[in-house]
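*Asks:* One structure coming up, written as structure tokens, with questions to follow.
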Amino acid sequence: MQIYLPIADIPVNIFLILAMGAAVGFVSGMFGIGGGFLMTPLLIFIGIAPAVAVASVASHIAASSFSGAISYWRRRAIDPVLAAVLLTGGSMGTALGVGTFTLLRSLGQLDLMIAMSYVILLTTVGGLMFWEGLRALLRSRKGGPVTTRRPGSHVWIHGLPLKMRFKRSKIYLSVIPVVAIGLIIGFIGAVMGIGGGFILVPLLIYVLRVPTSTVIGTSMVLTLVTMVFATMLHAVTNHLVDAVLALILMVGGVTGAQFGARAGQKIRGEHLRLLLGLLVLAVGIRFAVELVIRPEDLFTVRETGGTG
């Protein structure tokens, strides 16, 4: 069954889009991540313009993060002060990212930038996650400790000025690295169409030493607000948010997430990290292959609309 996407300007199979949403929702529920790093490439692979894919997936990520953020808020598993400081940098990063997105689009370099960003980010992060998961799995089989985080240990970041106390997370550190991390996540999310949870959560745990009890909920708040902001900016500035596409993805994503959450509870943590690392690495390699193979059509013509 074909449905026409008004902004993407192509017909697609509605059941294919639903299946993609359900599959990414399943992965999101299993691993506790937003899934934008997987959804955006899948949309690009089926022929949707990278600019439309990035802008539309931002709204999908925002919707999927909303229910999770509400759930963690009710359980008092969110540090509101930490979230507010992260959002200070996140808002600036999102605005900067959308501005960069618009500039690259006007120069005709946006598609290449998105592809290169995915190759570099996903192969690096995926490789590191796979290696860490493999080491944890080998340690667990030998009877050694699985965790790699050393509670109470400090690094140079904890010696920076402008410190403040985050009572809910029970940490005392400088706001400089917190704002910087928020800025980076906001920028990456706006340019690449990802929530950034698979990057943000490890940074909060291993760099800032935020307790795991408040990490995921706080991360979801940052993802929710930055993605809503990115969606609004993309819609107003670039007019690239395809509401029909986003709605179909949401329906599939909500359904798949329920089954993914149940499956994730039955798999050991080190196995989950290993599988997630493989998944991230595979998407990065797929993008790299797309960049180097010879296209079937050396030249294409696409109508992008008038600029006024």
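Read-outs: derived from the displayed coordinates by stated rules, not from any lab. Keep in mind that this is a model prediction, so the values were computed, not measured. Virtual Cβ from ideal backbone geometry, glycine too; neighbours counted across all protein chains shown.
*Asks:* Roughly what would the spin-label model give for L134 and I176, points 7 Å off Cα along C-beta, in nm?
*Replies:* 3.7
*Asks:* Which of the peptides 43-55, 274-286 is most tightly packed, and how do the rest follow, going by the mean number of other Cβ atoms within 10 Å of each residue?
*Replies:* In descending order of packing, they fall as 43-55, 274-286.
*Asks:* For the range 92-101, take each phi angle, set θ = phi - 60°, evaluate the Karplus expression 6.51 cos²θ - 1.76 cosθ + 1.60, and give the result in whole Hz per residue in order, putting x for glycine and proline.
*Replies:* 5, x, 5, 4, 5, x, 5, x, 5, 4
*Asks:* Let me ask something else about it. 5 Å is the cut-off here: which amide hydrogens, built 1.01 Å from N in the peptide plane, fall below it relative to L173, excluding neighbours closer than 5 in sequence?
*Replies:* M164, F166
*Asks:* With each pseudo-label sitting 7 Å past Cα toward Cβ, what's the V207-A243 distance in nm, one decimal?
*Replies:* 3.7
*Asks:* Further, regarding this structure: What is the distance, in nm, between label points placed 7 Å from the Cα along the Cα-to-Cβ direction at V289 and at L103?
*Replies:* So the label points at V289 and L103 sit 3.4 nm apart.
*Asks:* Given the peptides 114-120, 81-87, arrange them by the average over their residues of other C-beta atoms within 10 Å, most packed first. Each step should come with its number before you reach the end.
*Replies:* Numbers: 114-120: 18.1, 81-87: 22.1.
In descending order of packing, they fall as 81-87, 114-120.
*Asks:* Sticking with this structure for a sec: So how do 246-254, 218-226 stack up, highest first, on mean other-Cβ count within 10 Å? Working shown, then result.
*Replies:* Numbers: 246-254: 20.8, 218-226: 27.3.
Per-residue mean Cβ counts within 10 Å order the peptides as 218-226, 246-254.
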